[in-house]
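Notes follow once the structure below has been shown.
The values are calculated or read from the model by the stated rules, or taken from the named source; none is laboratory data. If you're wondering where the values come from, they're calculated on a predicted model, not measured in any experiment. Heads up, the Cβs are rebuilt from the backbone with ideal geometry, glycines too, and the neighbour counts pull from every protein chain shown. For the accessible areas, the whole protein counts, side chains as well, though only heavy atoms, and no ligand, DNA or RNA atoms are used. Shrake-Rupley method; radii C 1.70, N 1.55, O 1.52, S 1.80 Å.
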Amino acid sequence: MSPENGADERVDRVAARARWGVDLPEDYRAFMATYGGGSISDEADILAPAPVGTTLVASMADTTADARHLWVTEGGRAVLDVDPGHILAWGATSGPDLLCWLTEDKDPDRWPVLVIGRHTRPMFTVHPFGMTEFLCRLLCEDSTSQERWPLSIGRSLLMKPAPSFVHWQVQEDRWKAGLDPATGEPSRYPDGF
């Protein structure tokens, strides 16, 4: 995925640790330094650890609260035996699936990915690898290598025809200019969304 429309999010590690009570994984910090927060193919948002000042990308805090609430309302420990305080969201899809870490391990580089699939069964799936490996498996591997596609959105939506990334600020600038935030082309909706 080309980083041409990415931007260094300049994550303040101390502030992020103070806000979340944990260090964030190295692969996530590297992603934030290369791409920042934004959207993959206008179908999956990668969230920055602090609010970014736009309504085009969800916040990590709101998405984490949604994930923890879903854990409670969809069965809690009976469906996923974790402390909900250890669910930390890093992304969301248009599905609308929530992409999270389970932060129980003291080493953030060993946190597995939790997908809360709004239209998948089972609703909660744990993947024993980090965020960037999860994204690589979604975007780079033959879809037949996945035993079960973990998201509510189809692989073709993420690939369209190849995955692309657009930083939230680039999206915001395009939107203000009357362009499609994902593509930069003239908007199909000139009066807004």
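Hey, among the residues in the range 53-67 that are open to solvent by less than 30 Å² (accessible area, probe 1.4 Å) and of a type in the set (A, V, I, L, M), which one's modelled with the highest pLDDT? This residue is ALA67. Looking only at the range 1-47, filter to residues that are β-branched (Val, Ile, Thr) and within 10 Å of PHE165 (Cα to Cα); which one of those is surrounded by the fewest Cβ atoms within 10 Å (Cβ to Cβ)? The extreme case among them is ILE40.
Evaluated against (1) of a type outside the set (Gly, Ala, Ser); (2) touching a residue at least 12 places away in the same chain (Cβ under 8 Å); (3) part of a loop (DSSP other than H, G, I, E, B); (4) open to solvent by 40 Å² or more (accessible area, probe 1.4 Å), ASP81 falls short on exactly one condition, (2). Given the criteria at positive phi and either aliphatic (A, V, I, L, M) or at pLDDT 75 or above (or both), does GLY178 qualify? Yes; evaluated as a whole, the condition is true for this residue.
Being among the polar types (S, T, N, Q), closer than 14 Å to SER41 by Cβ and either assigned to a helix (DSSP H, G or I) or modelled with pLDDT under 90 (or both) is the requirement here; does SER156 meet it? Criteria met by SER156. Among the conditions (1) surrounded by fewer than 19 Cβ atoms within 10 Å (Cβ to Cβ); (2) under 25 Å from ALA7 (Cα atoms); (3) at pLDDT 90 or above, LEU139 misses just one, which is (3).
Only one of (1) under 20 Å from ASP97 (Cα atoms); (2) modelled with pLDDT under 85 is not met by PHE134, so which one is it? Every listed condition holds for PHE134 apart from (2).
Among the residues of the range 172-187, the one identified as charged (D, E, K, R) and open to solvent by less than 30 Å² (accessible area, probe 1.4 Å) is GLU172.
Residues of the range 107-124 that are modelled with pLDDT under 95 and open to solvent by 30 Å² or more (accessible area, probe 1.4 Å): ARG118, HIS119, ARG121, PRO122. Of all the numbered requirements in (1) under 20 Å from ARG137 (Cα atoms); (2) without any contact (Cβ under 8 Å) to a residue 12 or more places away in the chain; (3) in contact with a Phe, Trp or Tyr (Cβ under 8 Å, 6 or more places away or on another chain), ARG121 misses one, and that requirement is (3).
Restricting ARG17, ARG68 to those that are more than 25 Å from GLN171 (Cα to Cα) and in contact with an Asp or Glu (Cβ under 9 Å, 6 or more places away or on another chain) reduces the list to ARG17. Whenever a residue of the range 174-188 is touching a residue at least 40 places away in the same chain (Cβ under 8 Å), its partners that are of a type in the set (Lys, Arg), lying with C-beta atoms within less than 6 angstrom and at least six residues away or across chains, give the pairs PRO181/ARG174.
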